[in-house]
Amino acid sequence: MVDLRTTVAGISFRNPLWLASGIWGESGNSLKGAWDAGAGGVVTKSIGSEPRLGYPNPTIETYDKWGMLNAMGLPNPGIAEYPQEIEVARSAGATVIGSVFGADADEFAALAGRMAATGVVAIELNLSCPHAKGLGSEIGQDPDQVRDVVAAVKRAVRIPVIAKITPNHYDVPMLAEAAENAGADAISAINTVRAMAVDVRLRRPVLAHGSGGLSGPAIKPVGLACVWQIYERVKIPIIGIGGIISADDVIEYLLAGARAVQVGTAVAFEGIGIFHRLREDLSTRLAALGVATTGELVGAGHRGAGAA
Amino acid sequence: MRTITEVSERIVETPSTVTLRFRYAPSALPGQFVMIWLPGDDELPMSLSYTGESKGVTIKAMGATTRAALSIPAGAPVGIRGPYGNHFDLTPKRILLVGGGSGTAVLAPAAEAAARSGGSVVSALGATTAAELLFLDRARGFSETVEVATDDGSRGHHGFVTDVSQRLLSEREFDAVWTCGPEVMMRKVIAAAEPRHVPVFCSMERQMKCALGMCDACALGPYHVCTDGPVFPAPQLAALPEFGRTKRDSSGRKVPL
């Protein structure tokens, strides 16, 4: 019998398959829906200080089943109204992780404090959205700012703090190290990869914002490399993100060093039922491999392997 | 991926409503919608008002983008993706169609399909004023009877289309009601049909961004209008506190309808 329970930063999750931020996370009913569908944890949409409409459409470009490009522009109802959404999910028993974004350490700290008061089990810091001016990866690409934000948030809250790292940097593990040195309890990696679509006939970018972030199976190899390298440089747990759609994808991330994973774009391909399917497939696959707990596999790919 | 196609024909339906026809090959069923991109402007979710190979959407001026859409000329490029969402179940034979304003746009292709396959359709169309009645001639083509209501009494019943549909429900037997229009109107349609045990199907509208069941912009209770709808059986809607009362704006905040 495979035990899928997973502990990250001292918090117990019923399985390692979390709903990624930005997917089904604007409303409490949807977070509840993802939980009811079997997710081990649900990460909220990234919430800011004020309501934010996001960019005009087109905000999405799709590429069959291998990828998706988006520039939503961090739409969110704002921290004042969002607690009522979290309450809907929490009262259904969901393990909720609250994602926040801000323009500087003070704003992050204030938001994290208000988010923590809603009863979320952990805070995830969006240091990695690739398409919002002065926010996300514009802060997260600077290790000094990563350090300042994490340190300020750690002073503001008692619950675990997860830093979500951008892949759009020449030395991704350095960003994770900066977060760890400032006291982060875990690393989420990766957010989307900066990308763009251009229409030949119209001779213009497809997305209203111009550039956006690529997600889906196309970026799984990027995510794996980042998780692998981060695992070699930090001691805190890693949550792997990027292109997960099958049980083997999950196992690959575990072997690279992730303790848990997040699933996002695959929800658009398959519906929210993907959590149930992944949970069943993962149990079956681990049993076939003679593995009793996911913990046995975390980082196992590194033992006896050469440096990446 | 989007397909860039050209507006093949632009038809002024009413002073505030325009139909854009375009060639778009993917097959679609009545009730489904497409995302239509007006390059340089927004991309909008629009139920198809024509579902054959030459498709069409019928746009009513509501906000800045829809107002701009009204002046799009034939030959202009538009981007189309989809079709998305579910569709009307075409098996019921005796249909009551209740269309409020531009809501008739999505009902017309469903009613045409029903009439083609031997069904009978009775239509109740409502608008603010006679000139704003959408698809009146088209409705005469697919309906056994067409009745109209206008807010100002300039044509047909002076008052709500729900007065007309309630009377029709009491006079005749129907296997299903198909309705689209303001949610307050649809609530009344449901209330009138429920005691007579006639199932009601409503085509719903919400803010949309991805249209893929991912971004949560069109969250409606436990549903996403883009993938669980846009056509909902009445029992799914009746229990929702937001039905007829609130929607979510682009930020995800609940705002009054």
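A short reminder: the numbers here are calculations on the coordinates, not readings from a lab. All figures in this text were calculated on a predicted structure; none of them were measured in a lab. Methodologically, a virtual Cβ is constructed for each residue, glycine included, from the backbone with ideal geometry; neighbour enumeration extends over all protein chains shown.
Given in Å, the Rg to one decimal and the Dmax to the nearest whole number for the Cα atoms of the stretch B:94-251 are 15.5, 45. Take the Kirkwood radius over Cα pairs of the stretch B:172-257, plug it into Stokes-Einstein at 20 °C and 1.002 mPa s, and you get 161 µm²/s for translational diffusion. Scalar couplings 3J(HN,Hα) for the stretch B:210-220, obtained by applying the Karplus form with A = 6.51, B = -1.76, C = 1.60 to θ = phi - 60°, are 7, 6, 10, x, 10, 7, 6, 4, 9, 4, 9 Hz; x denotes Gly and Pro.
Since only A:TYR253, B:VAL198, A:MET1 are under comparison, the one whose Cα sits farthest along the positive direction of the charge dipole of the protein assembly as shown, derived from C-beta charges on Lys, Arg, Asp and Glu, is B:VAL198. Over the protein assembly as shown, the ratio between the Cα radius of gyration and 2.2 N^0.38 Å evaluates to 1.04.
Comparing A:GLY216, A:PRO167, A:SER99 along the charge dipole axis of chain A, the residue lying farthest to the positive side is A:GLY216, per the Cβ-charge model. With a ≥ b ≥ c taken as the square roots of the eigenvalues of the C-alpha gyration tensor of the stretch A:198-308, please select rounded if a/c is under 1.5 and otherwise prolate if a/b is larger than b/c or oblate if it is not? Judged from the Cα gyration tensor, the stretch A:198-308 comes out oblate (a/c at least 1.5, b/c at or above a/b).
Counting, for every residue in A:47-59, the Cβ atoms of other protein chains within 10 Å of its Cβ and taking the mean gives 5.
Cross-link partners of A:LYS133 among aspartates and glutamates, defined as those whose alpha carbon lies under 17 angstrom from its own and excluding same-chain residues fewer than eight positions apart: A:GLU50, A:ASP104, A:GLU107, A:ASP142. Within 10 Å of the Cβ of each residue in B:35-44, the mean number of Cβ atoms contributed by other protein chains is 4.
Note on B:LYS247: lysines with a C-alpha under 24 Å away, same-chain residues under 8 apart excluded, are A:LYS32, A:LYS45, B:LYS60, B:LYS188, B:LYS209.
A cysteine counts as unpartnered when no other cysteine's C-beta lies under 4.7 Å of its own; in the protein assembly as shown this applies to A:CYS129, A:CYS226, B:CYS180, B:CYS202, B:CYS218, B:CYS226.
Classified by the C-alpha gyration tensor, the stretch A:6-302 has a rounded form. Its axis ratio a/c, with a ≥ b ≥ c, is below 1.5.
The C-alpha atoms of chain B define a longest principal axis, and helix B:183-193 lies at about 30 degrees to it. Taking a ≥ b ≥ c as the square roots of the eigenvalues of the Cα gyration tensor, an a/c ratio below 1.5 marks the stretch B:3-84 as rounded. The mean number of partner chain beta-carbon atoms within 10 angstrom of a residue's beta-carbon across peptide B:74-83 is 1. A simple charge model with +1 on the Cβ of Lys and Arg, -1 on the Cβ of Asp and Glu and nothing else charged puts the dipole of the protein assembly as shown at about 240 debye relative to its Cα centre. The lysines whose alpha-carbon is closer than 21 Å to the alpha-carbon of A:LYS235, local same-chain residues fewer than 8 away aside, are A:LYS154, A:LYS164. Calculated on the Cα set of the stretch A:168-234, radius of gyration then Dmax: 15.5, 50 Å.
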